[in-house]
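**Q** Sharing a structure below in structure tokens format, with a few things to ask.
Every read-out reported here was derived from the displayed coordinates using simple, explicitly stated rules and does not represent laboratory data. No experiment lies behind these values; they were computed from the predicted model shown. Cβ placement follows ideal geometry from the backbone for every residue including glycine, while neighbour counts extend to all protein chains displayed.
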Amino acid sequence: MSELRAVDLRCEHLFAPQGLNTRQPRLTWALEATGRDRRQTAYRIVVGTDRHKVASGEGSLWDTGKVVSSETLLVPYAGRALRSDEIVHWSVQVWDENDLVSSASEPATIYTGLLEQGDWSAQWITRALVPPGGRFPPQDTVYDNPYWARPADYYRREFELRRAVRRATIYATALGLYALHLNGKPVGDQVLAPGWTDYHSRVEYQSYDATALLNGGANAIGAIVGEGWYSGRVSYDQKRAGSHYGVRPALLCQIHIEYDDGSTEIVATDGSWRSGNEAIVYSDLLLGEKYDARLEKPGWDLVGFDDSAWWASEVIQPLPRAPKVEATRGVPTRKTVEFEPKFVHRTSSGKLIFDLGQNIAGHMRLETEAPRGATFVLRHGEAMQPDGELYTANLRWALATDTYISKGGRQVFEPRFTVHGFRFVEVSAPEGLGPEQLRLTGIAVHSDMPLAGSFESGSEMLNQLQSNIVWTQRGNFLSVPTDCPQRDERMGWLGDAQVFFNTATYNMDTSAFFTKWLVDIADAQTEEGAFTDVAPSAVYTRFAPNPPRGAPGWGDAGVIIPWRMYERYGDLEVLQQYYAGMIRWLDLIERNNPSFIRDNAVYSNWGDWLCLGNFTPKNVVATAYWAHMAELMGKAARLLGKRQDEARFNALRRDIRSAFQRAFIDKDGRIAGDTQSAYLFALDFDLVEAADREKAVGHLLRCISDAGGHIQTGIHGIRHICPVLSDLGQAELAYDLLLKDTYPSWGFSIRNGATTIWERWDGWTPERGFQSVNMNSLNHYALGAIGEFMFARVAGIDVQADGSGGRHIRMRPLPNAELGWCSATYRSHAGQIASEWRCTPGGVDWKIAVPANCTARIELPKNFTDVHLDGATLQAAGIPRSRSAEGAICFDIGSGDYLFSLIAG
Ligand code: BGC
């Protein structure tokens with residue numbers, strides 16, 4: 001029997017999909033094994049409804065038998081047609097290079113979900129409107145709070161079970177945000193469901209196994225529905241702060257019950273559900289939550305509660321049309337990490353300040369004992385003012401304030417439908433309560449993507465930078481990748497996300513997260529073919545009939561991200577799916593720019609946003625991105641077998657490239673603007689003739705030295721600077737930029753206390769204090785796009801951009817004496833990769849791990865003249881080595897653990 005093991009079983013990029021949007025889901029597994037050169041030569045997948053049988057290698061729905069193949073990624077299901085509301089299990093057996101077979105893997109589970117719109121018998125329900133003056137309006141509701149924020153709606157319904165239940169699954173979603181209770185207990189561990197989509201087009205549902213929560217006989221289901229992105233506040237347009245999609249949050253829910261005799265029953269939302277209000281006076285993403293515990297209605301979610309004072313729910317057709325209800329493509333949002341804050345001080349106005357020590361997105365939990373009616377106000381901010389007060393000016397209109405009114409006795413408060421971006425919290429507590437009487441906990445909330453990478457090194461600053469990048473990702477990946485979690489913005493900006501994409505994939509498995517967001521991007525694409533600046537886009541329309549079209553570098557993400565999804569995860573279907581939309585964007589640009597310089601249809605045209613020093617001319621940035629997209633389109637067309645398109649885009653790229661050279665490059669090789677970013681784009685996107693590259697390199701180096709050896713790029717140039725420099729043989733300079741702590745640098749922000757990536761290089765400086773309150777987030781990931789360089793080049797885990805999904809790895813570390821050592825891992829969909837180097841007196845010891853069934857191309861820096869494996873020469877180990885064009889040692893290896901000694905010349 002082989003000990004080659006299939007692990008990390010994924011279906012449509014998820015470990016346990018909560019529903020499918022396809023009847024042919026694709027199955028992926030990674031491999032683990034000890035020893036070297038381990039390979040999969042064949043596999044057998046079994047899929048069935050009985051988990052035990054599947055675990056022993058028997059599948060009633062599909063049994064591929066032994067398939068001779070090394071494939072492990074995205075194998076399409078081709079068994080018996082999947083039906084709605086099934087739970088199926090699958091496992092895989094693999095054969096190794098000696099044709100020995102493994103035992104069946106631990107089974108993984110797939111909820112098929114509701115595959116057809118017609119499977120939904122539930123009706124959208126909403127709370128009946130309370131007439132003015134209200135019959136039972138909770139105190140301080142929409143009628144008298146200054147923000148017109150609505151109280152959360154509560155729904156309940158009792159139902160009777162006729163027999164013993166074999167299985168019960170709840171399918172639910174909301175226009176708004178929802179949480180379910182069954183017989184008084186919370187259902188599932190997600191928060192802020194169903195997440196954010198273009199609710200006029202589609203909304204995602206979630207599935208919950210409710211079998212264990214049901215009682216024999218009478219049962220009660222309850223739901224709490226808040227405003228969220230649907231009708232609550234999002235973004236900065238104060239003329240239209242909320243109600244972007246509608247004004248009445250609504251619930252859609254159905255429970256599928258299967259009895260032990262095989263008969264089924266569905267309990268679904270309809271007019272018979274009762275609705276009312278409870279203690280959530282309002283709960284809004286930007287404002288915060290007000291919770292009056294005196295209004296709690298104990299037992300509202302239990303059988304026997306007297307709901308005669310509640311209203312009948314109203315069945316509605318959402319406007320302007322009912323959204324398509326689809327299975328969740330991304331990962332659930334959850335509470336992930338808790339922090340115990342430190343008490344800082346009492347301000348002169350008597351407020352208590354606490355410090356989490358980490359800038360997060362999430363909320364606080366307050367546990368205390370207080371008399372009935374005592375009021376607590378929690379305000380959240382990212383920083384402190386010099387006068388010891390909380391700094392909130394950069395939140396703009398986001399109130400980020402939670403208010404809790406005590407019901408008396410010991411109690412716990414945790415807001416439900418709000419998120420704050422903060423490190424510090426200011427508590428106004430009732431008279432007589434000091435910090436000792438409050439138990440506070442900070443809770444991070446985000447899309448709960450599996451961690452994929454780790455990075456550590458001999459530099460404390462660099463380790464903090466990695467932590468800052470990861471926390472900025474946690475703080476902003478919430479259903480969509482947002483720009484920032486704190487101020488009144490929090491939109492899915494396409495530019496920031498494409499710049500950060502590769503870094504994000506190293507830190508976490510973002511495949512499902514981006515699969516979902518690509519749907520939002522496609523939903524936002526305009527009729528004329530424009531991708532937008534933000535997706536979902538409705539929050540950004542400012543009354544315009546169409547969403548504003550995307551700027552170069554922003555809208556371009558509609559092409560760049562599908563391509564990177566293919567590069568990273570080998571997902572060709574993504575390219576297929578979005579190809580037509582990508583072409584429409586390229587058509588639009590080409591139609592408007594016959595001269596091949598991208599001056600027109602550039603819309604907001606932000607250029608290399610937030611750069612320092614000279615501004616790179618906007619048409620340089622725009623045209624460079626256009627050339628880059630033409631290149632990607634040519635490659636995509638080739639992969640998809642579209643020969644004519646391939647020729648078209650290759651020709652387009654040539655035309656743009658020569659136009660770029662004619663328009664922007666002078667005879668001395670200077671590029672218009674003469675900025676770091678101009679040269680970086682030209683070099684990285686290959687827009688300079690080979691003969692002129694050296695001149696461009698010279699100018700780039702001059703621009704860096706003119707800036708005193710500092711970075712001056714904005715959010716677009718930043719992704720290229722260190723990778724380009726190291727590819728040019730300037731690794732020392734790349735390290736210098738990376739490890740600096742003088743302004744502007746990552747180290748500078750860290751030296752000044754940053755625990756997340758700042759939006760701007762000068763978010764805070766000792767001379768000027770905080771940057772303009774108009775735009776100064778301390779939790780913005782774009783400038784964190786350096787993470788990609790840290791994994792790919794510093795540690796040397798450079799996942800090949802060949803769509804092999806991690807099967808072929810390029811390992812090319814850049815050992816550096818100042819850093820001393822570096823240790824990183826990356827778990828691709830194919831398996832766990834590791835690299836650890838340590839400088840020694842004579843060279844470098846380098847330990848790596850290549851997962852089974854994968855190969856690595858090793859490329860050493862030029863200064864290493866020899867390399868030994870396990871103390872012997874490569875030759876002795878039977879590994880042929882060669883030299884790259886630049887003279888560096890290269891060789892190929894199969895899977896396994898290796899210890900190399902790199903010998904410096
Ligand atoms: C956002 C950025 C975004 C930009 C567009 C800002 O308000 O926070 O991250 O890319 O607008 O220029």
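**Q** Given Cα pairs under 8 Å that are at least 6 residues apart, what percent is the relative contact order of the stretch 351-510?
**A** That works out to 31 percent.
**Q** Something else now. Which of Ser102, Ser823 has the fewest other C-beta atoms within 10 Å, and how do the rest follow up to the most?
**A** Ser823, Ser102
**Q** Which distance in Å, rounded to a whole number, links the C-alpha centroids of the stretch 443-464 and the stretch 738-783?
**A** What the calculation gives is 19 Å, centre to centre.
**Q** Calculate the FRET efficiency for Met775 and Asn592 from the Cβ-Cβ distance with a Förster distance of 30 Å, rounded to the nearest 0.05.
**A** Efficiency, from the Cβ-Cβ distance: 0.55.
**Q** Please arrange Arg883, Arg26 by counting, for each residue, the other beta carbons lying within 10 Å of its beta carbon, fewest first.
**A** Going from least to most buried by this count: Arg883, Arg26.
**Q** Output the Cα-based Rg and Dmax of the stretch 591-684 in Å, rounding Rg to one decimal and Dmax to a whole number.
**A** 14.1, 45
**Q** Could you give the C-alpha radius of gyration of the stretch 655-779 expressed as a fraction of 2.2 N^0.38 Å, taking N as the number of residues it contains?
**A** 1.17
**Q** What ranking do 717-726, 54-63, 843-852 get when scored by the average of other Cβ atoms within 10 Å per residue, highest first?
**A** Final packing ranking: 717-726, 843-852, 54-63.
**Q** Still on this model: Restricting to Cα pairs below 8 Å that are 6+ residues apart, what does the relative contact order work out to for the chain? Please round to a whole percent.
**A** Over the chain, the number comes to 10 percent.
**Q** Leaving out same-chain residues fewer than 8 places away, which lysines sit with a Cα under 25 Å from that of Lys185?
**A** Lys290, Lys297, Lys335, Lys407
**Q** Here's something else I'd like to know. Please give, to one decimal in nm, the separation of the simple spin-label points placed at Ser121 and Arg365, each 7 Å out from Cα toward the Cβ.
**A** Going by the 7 Å Cα→Cβ label model, 3.9 nm.
**Q** With point charges of +1 on the Cβ of Lys and Arg and -1 on the Cβ of Asp and Glu, referenced to the Cα centre of the chain, which listed residue (Asn463, Val602, Ala172) lies farthest in the positive direction of the dipole?
**A** So the residue we want is Val602.
**Q** Using mean Cβ contacts within 10 Å as the protection proxy, how do 597-608, 863-874, 351-362 order, highest first?
**A** Listed from highest to lowest mean packing, they are 351-362, 597-608, 863-874.
**Q** Something else: So for the stretch 229-365, averaging the separation of alpha carbon pairs under 8 Å that are six or more residues apart and normalising by length, what relative contact order in percent results?
**A** 14
**Q** Just going by the charge dipole of the chain, with Lys and Arg at +1 and Asp and Glu at -1 on Cβ, which of Tyr735, Val519, Pro107 is farthest out on the positive end?
**A** Projecting each Cα onto the dipole axis, the largest value belongs to Val519.
**Q** Where Rh denotes the Kirkwood radius from the mean inverse Cα pair distance, what is Rg over Rh for the stretch 225-363?
**A** Reported Rg/Rh, Kirkwood definition of Rh: 1.04.
**Q** Using per-residue counts of other Cβ atoms within 10 Å, averaged over each peptide, order 701-708, 119-126, 737-744 from highest down.
**A** Those peptides, ordered most packed to least, come out 119-126, 737-744, 701-708.
**Q** Using a/c under 1.5 as the rounded threshold, could you call the stretch 354-399 rounded, prolate or oblate? The axes a ≥ b ≥ c are square roots of the C-alpha gyration tensor eigenvalues, and prolate needs a/b larger than b/c, oblate otherwise.
**A** Prolate.
**Q** Are there DSSP H segments in the chain that both extend 27 Å or more along their axis (alpha-carbon positions) and score a mean Kyte-Doolittle hydropathy of at least -1.0? List them, or say none.
**A** Result, helices passing both filters: 572-592, 618-639.
**Q** For the stretch 240-247, just list the computed ³J(HN,Hα) in residue order, Karplus coefficients 6.51, -1.76 and 1.60, θ = phi - 60°, integers in Hz, with x standing in for Gly and Pro.
**A** 8, 5, x, 6, 5, 10, x, 10
**Q** Something else now. Extent of the chain along each principal axis, from alpha carbon coordinates, in Å, largest to smallest?
**A** Cα spread of the chain along its principal axes, largest to smallest: 84, 69, 58 Å.
**Q** Take Glu426, Glu382 and order them by how many other Cβ atoms sit within 10 Å, fewest up front.
**A** Glu426, Glu382
**Q** I'd like the projected area of the stretch 462-583, averaged over all directions, using the convex hull of its alpha carbons. Report it in nm² with one decimal.
**A** Over all viewing directions, the stretch 462-583 projects a mean Cα-hull area of 7.8 nm².
**Q** Let me ask you something else. In whole angstrom, how far apart do the alpha carbon centroids of the stretch 382-442 and the stretch 280-317 sit?
**A** Taking the Cα centre of the stretch 280-317 as reference, the centre of the stretch 382-442 is 23 Å away.
**Q** Additional query: For Phe159 and His52 in the same chain, what is the full-extension length gain: residue separation times 0.36 nm, less their Cα-Cα distance, in nm?
**A** Difference between extended and current length: 35.3 nm.
**Q** Give, in nm to one decimal, the length gained when the segment between Lys862 and Arg240 is fully stretched (0.36 nm per residue of separation minus the Cα-Cα distance).
**A** Result: 218.1 nm gained on full extension.
**Q** What spacing in nm lies between the two simple spin-label points modelled at Arg654 and Trp397, each 7 Å away from Cα in the Cβ direction?
**A** The modelled label-to-label distance comes out at 5.2 nm.
**Q** If I model a spin label as a point 7 Å beyond the Cα along the Cα-Cβ vector, how far apart are those points for Ser884 and Glu527 in nm?
**A** If labels sit at Ser884 and Glu527, their model points lie 5.1 nm apart.
**Q** Check each of the trypsin sites (Lys or Arg not before Pro) in the stretch 491-570 and keep only those in coil by DSSP with at most 16 other C-beta atoms within 10 angstrom; list them in order.
**A** Answer in residue order: Arg542.
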